[in-house]
1. Here are some residues: A:Thr43, A:Thr55, A:Thr34. Which one is open to solvent by 50 Å² or more (accessible area, probe 1.4 Å) and among the β-branched types (Val, Ile, Thr)?
2. For residues that are open to solvent by 30 Å² or more (accessible area, probe 1.4 Å), within 14 Å of chain A (Cβ to nearest Cβ) and of a type in the set (Ser, Thr, Tyr), tally how many sit in region B:233-255.
3. Looking at A:Ile69, A:Ile128, A:Ile74, which one is surrounded by fewer than 23 Cβ atoms within 10 Å (Cβ to Cβ) and facing another protein chain (nearest Cβ under 10 Å)?
4. Output the residues belonging to region A:77-117 that are away from chain B (no Cβ under 12 Å) and of a type outside the set (A, V, I, L, M, F, W, C).
5. Can you find a residue in region A:137-150 that is free of Cβ contacts under 8 Å to residues at least 12 places away in the same chain, part of a loop (DSSP other than H, G, I, E, B), within 12 Å of chain B (Cβ to nearest Cβ) and surrounded by fewer than 18 Cβ atoms within 10 Å (Cβ to Cβ)?
Amino acid sequence: MIELQQVSKRYANGFLALDNVNFHLEAGEFAFLTGHSGAGKSTLLNLIAAIETFTQGQIIVGKQHLKNISPRQIPYLRRQIGIILQTPNLLRDRTVFDNVALPLVIAGYSYKEITSRVRAVLTKVSLINKENFFPLELSGGEQQRVAIARAVVNKPSILLADEPTGNLDPDLAGEILCLFEQFNRLGMTILIASHDLGLINSVKHRRITLAEGKLIDAPVTA
Amino acid sequence: MRQSQPKNLTKRKRSGFLKNYFIRHIQAAFNSIGQLSRTPINTLLTSAIIGIALALPTALFILLKNVEVLSHNFQQTTQLTLYLKPDITENQARELSQALQKNPNIREVRLISPAEGLNELQQQAGVKNVLEDLQNNPLPWAITILPTSNNHAPEGLSQLQQELRDLPETDTVQFDTDWVQRLFALMTLAHRAIYALSLFLGLGVLLIVNNCIRAATEHNQNEINVIKLIGGTYAFIRRPFLYTGATYGLLGGILAWQLVDLLLLWIKNPTHHVATLYHSQFHLLGISFFDTFVLLISSIMLGLVGAWFAVGRHLRATKTA
């Protein structure tokens, strides 16, 4: 589902963020991407979502080769990928419902379909009673759950999360992780960048570790 | 879930592409109208600036159109007077006037005998006493000529005048083409000046809209980034801003139209009064349906183009985000 072949990323200032990284994530896999801050975790996720470009190698997401991907294709790539960042990045002037509905509006679903899908996903993240709230009226954990709902409402085949529990206390982080596992059971390929070892050790999933831009080991733990 | 998605997508694409397209446009339109109505003062001020900028060239165009009608009216009454040589007899004069009647460039010919000429002169105040002192009639035979209406351009008139002057019977041709030529020259100049002015003010409107939309894109930077992140195309991002630009243009155009209408209403009665004093049937031409249509379409286009450039530049500048 996600394949990196000898991928390197060098920033314009000369800094080598990723150095000859190889790995392959099968469809339906659940993996953690770990490493210290600055190890290149966010860069790697950004490359997979075509937010940044890489300088060498090839990345294949689904069937899409990302080297020389045209700007026109990027939106369609991103519709296959749910992206969750450390900050929820919600639109403050829209309700929870409207925030979650946005990917469906973009993809051109009918109002009826949007309503039923948004309600379903809000039920899953336990926010169905807050669909008319505005983001600032919610707690941090709730805001992050809205962001997750927005990321999965379009039923993407891949979910990328960059420190999704970074701002949350351990209990809430556990709840969020639980949600990700539920989506994984439905067939979604999941890659979570995190340096929260306590959280990562609480479940048994594949772990990919980055250090100074290099992949150290990718043991598959069932 | 993964397996079922592509099937759904193609099915949806086939069945409801047009419907979706319209839904998206309606969504974008409502989105932009909503944003505009949330900042009514700002919207009205921007539209007012655009309206005033467009009202000026529109008013001048209407004014020029009126002047053209007026000058056409003048030319309808343009006549040349042909004074024949003193030794021309009545028969010769009649023959000539019949010959002239056949000239395709001449609409109407009227022969005036010396007696009639004297009579006409006597009608005019002040000359009467002088004429009474005369022993015999000094006036020659004369022919007044109305050119056909397609001969009203200065060149045609000059040519006709030359033709008449070259006739052996002619003593003098009385007609002052200079003022017609001057009027035409002035109107050509006015046309050019108004076009140039429209161009500048149109450019100004473009920049105003561009600036407003640029500010709006910066204000909505976060929203644009989020939309990009969840797979929104450039077209999707651009659409509401295009509607905003077009709405500014439309509101400005309507305002310009109303301002010009108001101006015409204001000068209608005085114009009519002046026309009556000159015994003229002249009626002020208003802003026609076609003029309004052109005005509104151009103002909407200016808004659209201004917005297009603003969003395009913004999207290029934030490409990597």
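1. Result: A:Thr55 is the single residue among A:Thr43, A:Thr55, A:Thr34 that is open to solvent by 50 Å² or more (accessible area, probe 1.4 Å) and among the β-branched types (Val, Ile, Thr).
2. 1
3. Answer to the selection: A:Ile74.
4. Within region A:77-117, A:Gln86, A:Thr95, A:Thr115, A:Ser116 qualify.
5. Taking every residue of region A:137-150 in turn, none turns out to be free of Cβ contacts under 8 Å to residues at least 12 places away in the same chain, part of a loop (DSSP other than H, G, I, E, B), within 12 Å of chain B (Cβ to nearest Cβ) and surrounded by fewer than 18 Cβ atoms within 10 Å (Cβ to Cβ).
The values are calculated or read from the model by the stated rules, or taken from the named source; none is laboratory data. Predicted, not measured: the structure shown is a model, and the values here were computed from it. Please note: Cβ atoms are built from the backbone with ideal geometry, for glycine as well, and neighbour counts cover all protein chains shown. These accessible areas exclude ligands, DNA and RNA; they are computed on the full protein's heavy atoms, side chains included. Shrake-Rupley method; radii C 1.70, N 1.55, O 1.52, S 1.80 Å.
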